[in-house]
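Student: Have a look at this one before I ask anything.
The values are calculated or read from the model by the stated rules, or taken from the named source; none is laboratory data. Fair warning: this is a prediction, and the values are worked out from it, not measured in the lab. No Cβ is skipped: glycine too gets one built from the backbone with ideal geometry, and neighbour counts run over all protein chains shown. Heavy atoms of the whole protein, side chains included, go into the accessibility calculation; ligands, DNA and RNA do not. Shrake-Rupley method; radii C 1.70, N 1.55, O 1.52, S 1.80 Å.
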Amino acid sequence: MKIFIDSADLTEIEHAYSQVIVDGITTNPSLLKKALEKRREKDLKQYLRKILLVAKGTPVSLEVTAYTARSMIEEGTKLYQLFNPVAKNVYIKIPINPAFKDADTTHFDGLAAIRELTQRKIPINCTLIFTPEQALLAAKAGAKIVSPFAGRIDDYLRMQQGLKFEKSDYFPATGWIDQGKVWNDNGVVSGIDLVRQCVQVLRQYNLNTEVLAASLRNTRQVREAALVGAHMATMPLEVIQDLLKHPLTYKGMEKFTADLVPEYAELV
Ligand code: G3P
């Protein structure tokens, strides 16, 4: 499974790329807002170019902000033309349904944008996926990547039940059983279950679309995303760092260091 950093913070991105194996970057308008507020960047174009260069050879997803098919196609094409020449690694992120409520879902804007941009040979990462059927539609429209938001499903299930939790709290992949019933969102029992169902549906029909498990908040979710066959997983830098941690690793280091005989240390 490929590991992506979910960040628009250049310092974090440079750190991750220089010190660990990172296979790509995902950004979104919220991450960009956070990074820009922190850094007080003036020249956004230059800033994004720097990110793309750090990530050279690995994909970077840039999200559109428009809501209609026409404007998403225009924005996606412009973003791609402007930024892909920098390092040839841009994916355009399109929401599966750029609507704010059911009543707004009268057109298939997300799908139309994915299809047209794909025809223009622009690779698409379809975002805000919360059901396997959304993933199926995105794949059929031509998306190269679909991004199910695992953590947000877990939040949604807990919030609906009035459970208090921290964003990084683990939520069981097999679901939360309460009085003999498993909490679920129309048959999806956890964020990882959503990832699993997306992987299964796309695999079943040999669709050439990869699943990027997104909105991951802790290491166990990352492990479970790998276990259910996600092709990629994106996570904040802290979660990437947490992947290395274990008290017995530290203890082992202490013991090996303590046991080091001088002859061995002098070998090299
Ligand atoms: O890649 C999607 C991600 O940025 C959303 O994460 O933790 O805000 O749900 P989160």
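Student: Say whether the condition of being surrounded by 14 or more Cβ atoms within 10 Å (Cβ to Cβ), away from the ligand (no atom under 12 Å from the Cβ) and not in a loop (DSSP other than H, G, I, E, B) is met by at least one residue in the range 151-171.
Tutor: yes
Student: If I filter the range 38-48 for residues that are open to solvent by less than 30 Å² (accessible area, probe 1.4 Å), on the phi < 0 side of the Ramachandran plot and out of contact with any Leu (no Cβ under 8 Å at 6 or more places or on another chain), do I get at least one hit?
Tutor: No - not one qualifying residue is present in the range 38-48.
Student: Further question: Looking at the range 15-37, is at least one residue away from the ligand (no atom under 15 Å from the Cβ), assigned to a helix (DSSP H, G or I) and in contact (Cβ under 8 Å) with a residue 40 or more places away in the chain?
Tutor: yes
Student: If you don't mind, there's one more thing I want to ask. Kindly evaluate I129 against the criterion of being among the aliphatic types (A, V, I, L, M), away from the ligand (no atom under 15 Å from the Cβ) and crowded, with 24+ Cβ neighbours inside 10 Å.
Tutor: So I129 does not fit the description; no.
Student: Moving on. Can you work out which of the residues in the range 223-251 that are more than 15 Å from the ligand (Cβ to nearest atom) and aliphatic (A, V, I, L, M) is least open to solvent (accessible area, probe 1.4 Å)?
Tutor: Among residues in the range 223-251 that are more than 15 Å from the ligand (Cβ to nearest atom) and aliphatic (A, V, I, L, M), the one least open to solvent (accessible area, probe 1.4 Å) is V228.
Student: Six or more apart or on different chains, Cβ under 7 Å: which pairs go from a residue in the range 63-82 that's farther than 17 Å from A99 by Cβ to one that's outside any loop (DSSP other than H, G, I, E, B) and among the β-branched types (V, I, T)? Could you list them?
Tutor: Here the result reads G76/I92; G76/I94; L79/I92; Y80/V90; Y80/I92, each pair linking the range 63-82 to a residue that is outside any loop (DSSP other than H, G, I, E, B) and among the β-branched types (V, I, T).
Student: Another question about this same structure. Right, R220: farther than 17 Å from D154 by Cβ and either within 16 Å of the ligand (Cβ to nearest atom) or not in a strand (DSSP E or B) (or both) or not?
Tutor: The answer is no for R220.
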